[in-house]
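Every number here is computed from the coordinates shown, using simple stated rules; none is lab data. None of the values given here were measured: they were computed from a predicted structure. Here Cβ is always computed from backbone atoms with ideal geometry, including for glycine, and neighbour counts include all displayed protein chains.
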Amino acid sequence: MANPALSDSSTYRGIQDYLQSSYLGDIVRYAPNGSAPLFALTSLMNPAKPCFNIEHGFFSKSAVFPSMTLTAAVADGTATTFTVASTQNVLAGDTFVVWGVTVKEIVRVSTVNSATSITVIRSFGAATGVAIPNSTKLYKVSNAFEEASGRPAPRSINPVRIMNYTQIIRNVWALPGTVAALKPTVGGNQSAQNQDECKMFHAQDIEFNLLFGQKYIGTLNGQSVHTMEGILESTRRYAPGNIFTAGSTTTYTQLETMLNTCFNTIANGRNGNVRTLFVGGTARTVINNIGRISGQYQIVDGQTSFGLQFASFKTSRGQFNMIEHPLLNSNPDFAGMAFAVDVPSLSLCYLPGRQQVENNYNAIGQFNTGEDSVGGDILSEVTMENLNPYAHAVIFGLTAAA
């Protein structure tokens, strides 16, 4: 028996997204494995935001974990002046553990003397102070104050201002009037097909920018032109330690080491230690072969199929859900790449009224140019907001598993 809630025809109420779906919704529904998965997923998970200038600035905050490195040896267990590489983020009252010696002494900062000098209380705990070699690391543990102490210096996280430019992305479709009137053997009319292809090209161009775009502003034909920064460039700029080039062969340990860097910061609790891994065909094969080589499987008599195919995998610190990206298969160099992306930290921002704007001409009710043709264009002025560039990682040159 049909579900009455689904088959009620007494009053047509309409279903959300049934009568008219968005351009991004069409991409996901019509082609869920299509050529712009990052563009579609980003837009559906995080509603588009407005931006009000071609220069779009936003702020990112990451937790600070103070540490110091000695630039001069401490002669004995009683000396109280330490010379360090930097006292940035260090406050009076902070306690640090001296990590480079056998006895893990705790010291308390009494005074921050300068950008490279502190005065400390030695043996601020059970461990006895000893001579400390040059280049020893000290890591913050906590802070400690006496009873009825005065108000200490405040600590805050200074936001990092990240700036991106909007980019005008424009794609055009056009057909001679005669061709537009012809009916193809399969499918709808030629105009509809050409418009659909134009939308696909538009999505692809935005997608490539989300991955490879670089920030630029200048002039072209006497007019201002500006382009946006994508994941690769923002990672190189703010988290260069998260970009790797694989060797001629890659082991599971090497893969884990490269990918685990993107878990050092988390800006959005919704995603936690999960990343979407967009890969080319070669990279996907390498990762699947790493999984096959790292485990064991048996083929027994009577089986009619064999082999392994992994869509996700885990490291010691998180999980990666793999999506083979068609655009990365467009050439052999991209095919060996892998983008670990924290999708919830990304948003697309459009200038008001500039989100997938369609203009058609020489159709009924549209502007008439007087030419024997039909056509139109689709335009977006968009930029990418990346709230946590440290949560992404990029690998080049995955070639073979080891």
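Observations on the structure shown:
- Exposure proxy order (Cβ contacts within 10 Å, fewest to most) of R155, R292: R155, R292
- Projecting label points 7 angstrom from Cα along Cα→Cβ for Y216 and D333 puts them 1.5 nm apart.
- Qualifying aspartates and glutamates (Cα of each under 14 Å from Cα of K314; at least 8 residues distant if same chain): E256
- Look at where the Cα atoms of the range 56-116 and of the range 225-304 average out, and the two centres are 34 Å apart.
- Simple label model, 7 Å out from Cα along Cβ direction - S373 to V101, nm: 8.0
- Overall form of the range 95-135 per C-alpha gyration tensor (a/c, 1.5; a/b vs b/c): oblate
- Exposure proxy for K199, K137: other Cβ atoms within 10 Å of each Cβ, ordered fewest to most, give K137, K199.
- Compactness relative to 2.2 N^0.38 Å, alpha carbon Rg of the range 67-143: 0.93
- Placing unit charges on the Cβ atoms only, positive for Lys and Arg and negative for Asp and Glu, gives the range 67-143 a dipole magnitude near 100 debye about its Cα centre.
- Each residue, T81 and Q319, gets one label point 7 Å from its Cα in the Cβ direction; the gap between the two is 5.6 nm.
- Ranking V103, V141, S86 by Cα position along the charge dipole of the range 67-143, where only Lys, Arg, Asp and Glu carry charges on their C-beta atoms, puts V141 farthest toward the positive end.
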